[in-house]
Structure formats: C-alpha cells, structure tokens
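Reading through the structure tokens given below for one structure.
The values are calculated or read from the model by the stated rules, or taken from the named source; none is laboratory data. Owing to the predicted nature of the structure, the values given are computational and were not obtained by experimental measurement. Neighbour counts are summed over all protein chains in view; Cβ atoms, including those assigned to glycine, are modelled from backbone coordinates with ideal geometry.
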C-alpha cells in the first residue's frame, strides 16, 4: 500500500492507452457506426418511399378499374340502346313493308272490281238490249238508238 | 484455504501486500520479501503485479477493440463486433450527454477508462487465492522461493498507485485544458474570484486568498475523490472476498456457508465493478467538461 513509482507508471500506461484508443480504435468504430446509421436511415426512407409508391399505384389501379367498369357499363348501355333501336327500325321497316304490300293488294282488288264492274256493265247492256228487243218484237236500230243506249250503259 | 502456517491476520496481510520490486536496505535490487521491506524501499520501487495486470488487461482491451475497429463496416455487425459497438455507443452517448466542449480526446479517454477499469475490477471476481496461489507455487517450485513471502495482488484497482495514477493523468489533462481553453487569466480568475467577490477593491483583495484556498481545495479534491472512490470500493470488496475465503478453512459447515456468501457477494460485486467503472468514466467526462467551460463575465 505504499505510494511508489507504480503511480507514475500507471499514469504513463494510461496515457499511452488513451492515445492508442484515440488514434486507432475510436475513429474507425465511430465512423462505421455513423455510416451505418446513415445507411439504415436511407434504407428506411427508401422503404417508406416504396410503400408510398405502392399506395399510389394501388390507388391508380383502383381508379383505372373504376374507369374500365364505367366504360364497360357505358358500352353495354350503348349496345342495349343500339339493339332496341335496331329492333324498332326493323319493326318500322316491317310495318311500312306490310302497308306497302297491303296497298298493292288493295289497288289490285280495286282494279279487279273495276274490271268486273265493266264486264258486268257490258253484259247487262247486252242483256238489256236483247230483253228490250224481245219486248218490243222489233229490232232496235242500234245506230238510231246508240246514244240512248250508251246513256243507259253509263247509268248502270 | 488459509494455509496452516498462517493465522487469519497473516493471511489477510499476505493478500494485501503487492509484489514490490526495488532496492533493498543493503543496496541490492530485488523483490520485497515482507511488507516492512517493501515500505523501506520507499518511492523508488514498483509494484510488479499492479503493472503487469493493468498493462495486460489494457493491452487485451486495446487488442479486442482494435480488431473490432479493423472489421468495422457499415454492414450488419455480428457477435463480438456488435457488443463492441454497443459499448462504443454507450460511451459516446455518455460523452455527448455530459460534455459540451469540442475535444476529440474525451470520448476515447472515456472509453479507455470505462473498459480498462472494468477489466481491472473484474479481476476481483476471480477467487482470491487462484492467481496469487499459482504464482506462489510457481515461484517456490521453479525459483525455490518461500511461498509465504511471495506476494501477489491481482486487482490493480485495490492498489492506490493504480487509481491515483489514472486520476493524476486525468487531473493533468483537466489542468492542461483549463489553461488552454480559459487562458491563464481565465483559469486564475476562476480560482481566485469565486465564490466571494466584491466591487470594492480592498474587499476583493481580502477575498482573493480565501477564494483561492476554497477553490484550490475543490480542485485538488477532484482527483483525490476520483481515485479514492474506486480504490476504496474495490479494496473493501476485495477485503470481503478475503474474509469469505478465510471461512473455507473453518470446517465444512462454515465452508459451505462461505461458498454461498462468496456466490452472493460475487454477484453483487458484478454490479459494483461495473458501476465503479461507469462512475470513474462519468466523473472524468464531467471534470473535462468543467475544464472546457468558458468563464462567465463578472
């Protein structure tokens, strides 16, 4: 327990150790630590950025999906509209065609009627003339009475 | 474990004596064979055991940390590297928390103190007779020395020389930086113009010696308290280990009881050796911080 040269020796030893630590141990370790700290911070920032980007991408994808759905329903609505239009057009076409056919048929019938009526009229005239001849027992001068005959035929 | 030839008192004394190398009274150089001889050698002698262990442990510390420093990269650390970096971060945090000046030497010094003092204190946990017993056995076997006169103290921090030596180095640094940062005038002013000051010149002149006395005591108390705190704690701890070790010689019942005591005290001592290393480091940082404080204007 005597104070002796050990005191000085310890001081010198201590100083040498501190110097060695100061020169060769502390700087590389602290540098590595701060470098790693920076690296980790960068990594975390990158991760956060990545997450943010992913969120953005998801949002964008959802938007696109929504757009696509909207467009699809638009297209379907248009198609339905167009289909009903086509059906309507077809109906209209059919109706006009039917009316046209009917009109044609009506005209033909009219013609037939007229023709039959004409024919009938002529027959009636002949019949009437022959009937009148029989009643009068004399020949009717067709030439003399042509005008009255025509008038008669016209009345029929 | 106390040898039959030794009484308990002799056993304790034997354990408390350093292996001292110096000049004998008859003029020859050699190891002291008794406490009296060691005392007679005076200042011009050296405690071989203290120097050996402190240098060995210091070199161990530097070697391990140097290896870690060489391997240090910004990549993922592993194992020992991680542990070393944890210590570095801890010390760095302590320095940043307590030291406000700008001085690159403070943090490495704090690290050196913390790890070195811890390793030195750790020697206290090695059973008190192992190393001294081995050295005594080797000395008697290979050199024919009387084992009772071979002294060997394993824990350098139970030698006041070691703790005073460290505290002295720290003290010198604080003085050096006090002069460097504050200037001669600033430092002198700090020592003489506090705590009493007066605008009256005559009164101030009276105050100066009083202030100086107070401040000088405070200044010198710093290294003293720094070293005595460590020394006292470690010495007391060592003493308790020695007392417990004596119980091993007192029959098997006392021996088993001593074993439990030994275990308990050793576990508790783990806390003390770490705490003392931490306190030594923190106080050094604080003293360095005080040395770096620029004086306020009065």
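Could you check residue B:109 against (1) more than 10 Å from chain A (Cβ to nearest Cβ); (2) at pLDDT 90 or above; (3) touching a helix residue (DSSP H, G or I) at 6+ places or on another chain (Cβ under 7 Å) and say which number it fails?
(1)
Report whether or not residue A:134 is surrounded by fewer than 10 Cβ atoms within 10 Å (Cβ to Cβ), assigned to a helix (DSSP H, G or I) and over 40 Å from the mean Cα position of the chain (by Cα).
So residue A:134 fits the description; yes.
For segment B:148-186, which positions are more than 14 Å from chain A (Cβ to nearest Cβ) and without any contact (Cβ under 8 Å) to a residue 12 or more places away in the chain?
Passing the criteria: B:179, B:180, B:183, B:184, B:185.
So that you can scan it fast, the table gives a plain yes or no per residue for (1) modelled with pLDDT of 90 or more; (2) within 14 Å of chain B (Cβ to nearest Cβ); (3) assigned to a helix (DSSP H, G or I):
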| position | (1), (2), (3) |
| --- | --- |
| A:4 | no, yes, no |
| A:23 | yes, yes, yes |
| A:38 | yes, yes, yes |
| A:46 | yes, no, yes |
| A:50 | yes, no, yes |
| A:62 | yes, no, yes |
| A:67 | yes, no, yes |
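With within 24 Å of the chain's Cα centre (by Cα) and more than 7 Å from chain A (Cβ to nearest Cβ) as the only criterion, which of B:75, B:49 stands out?
B:49
Kindly indicate the residue of segment B:117-132 that is in a helix (DSSP H, G or I) and without any contact (Cβ under 8 Å) to a residue 40 or more places away in the chain and also nearest to the chain's Cα centre (by Cα) among those meeting that condition.
Checking each candidate, the answer is B:131.
So is residue A:42 more than 9 Å from chain B (Cβ to nearest Cβ), within 30 Å of residue B:90 (Cβ to Cβ) and surrounded by 10 or more Cβ atoms within 10 Å (Cβ to Cβ) or not?
Yes; evaluated as a whole, the condition is true for this residue.
Residues of segment B:52-62 being more than 10 Å from chain A (Cβ to nearest Cβ) and without any contact (Cβ under 8 Å) to a residue 40 or more places away in the chain, which ones?
B:52, B:56
For segment B:95-106, give me each residue that is more than 11 Å from chain A (Cβ to nearest Cβ) and either under 25 Å from residue B:123 (Cα atoms) or part of a loop (DSSP other than H, G, I, E, B) (or both).
If the condition is that a residue be more than 11 Å from chain A (Cβ to nearest Cβ) and either under 25 Å from residue B:123 (Cα atoms) or part of a loop (DSSP other than H, G, I, E, B) (or both), then B:99, B:100, B:101, B:102 are the ones that fit.
So residue B:261 fits all but one of (1) surrounded by 13 or more Cβ atoms within 10 Å (Cβ to Cβ); (2) within 25 Å of the chain's Cα centre (by Cα); (3) at pLDDT 90 or above; what number is the exception?
Going through (1) surrounded by 13 or more Cβ atoms within 10 Å (Cβ to Cβ); (2) within 25 Å of the chain's Cα centre (by Cα); (3) at pLDDT 90 or above one by one, residue B:261 breaks only (2).
Hey, residue B:87 hits all of (1) part of a helix (DSSP H, G or I); (2) farther than 30 Å from residue B:37 by Cβ; (3) in contact (Cβ under 8 Å) with a residue 60 or more places away in the chain but one; which does it fall short on?
Condition (3) is where residue B:87 drops out.
For residue B:122, indicate whether it is surrounded by fewer than 21 Cβ atoms within 10 Å (Cβ to Cβ), more than 10 Å from chain A (Cβ to nearest Cβ) and under 30 Å from residue B:152 (Cα atoms).
Against the criterion (surrounded by fewer than 21 Cβ atoms within 10 Å (Cβ to Cβ), more than 10 Å from chain A (Cβ to nearest Cβ) and under 30 Å from residue B:152 (Cα atoms)), residue B:122 qualifies.
Does residue B:261 satisfy being free of Cβ contacts under 8 Å to residues at least 40 places away in the same chain, within 30 Å of residue B:128 (Cβ to Cβ) and part of a helix (DSSP H, G or I)?
Spelling it out, residue B:261 is indeed free of Cβ contacts under 8 Å to residues at least 40 places away in the same chain, within 30 Å of residue B:128 (Cβ to Cβ) and part of a helix (DSSP H, G or I).
Go through segment B:17-46 residue by residue and tally those that are surrounded by 16 or more Cβ atoms within 10 Å (Cβ to Cβ), at the interface with chain A (Cβ under 10 Å from one of its Cβ atoms), in contact with a strand residue (DSSP E or B) (Cβ under 9 Å, 6 or more places away or on another chain) and assigned to a loop (DSSP other than H, G, I, E, B).
3
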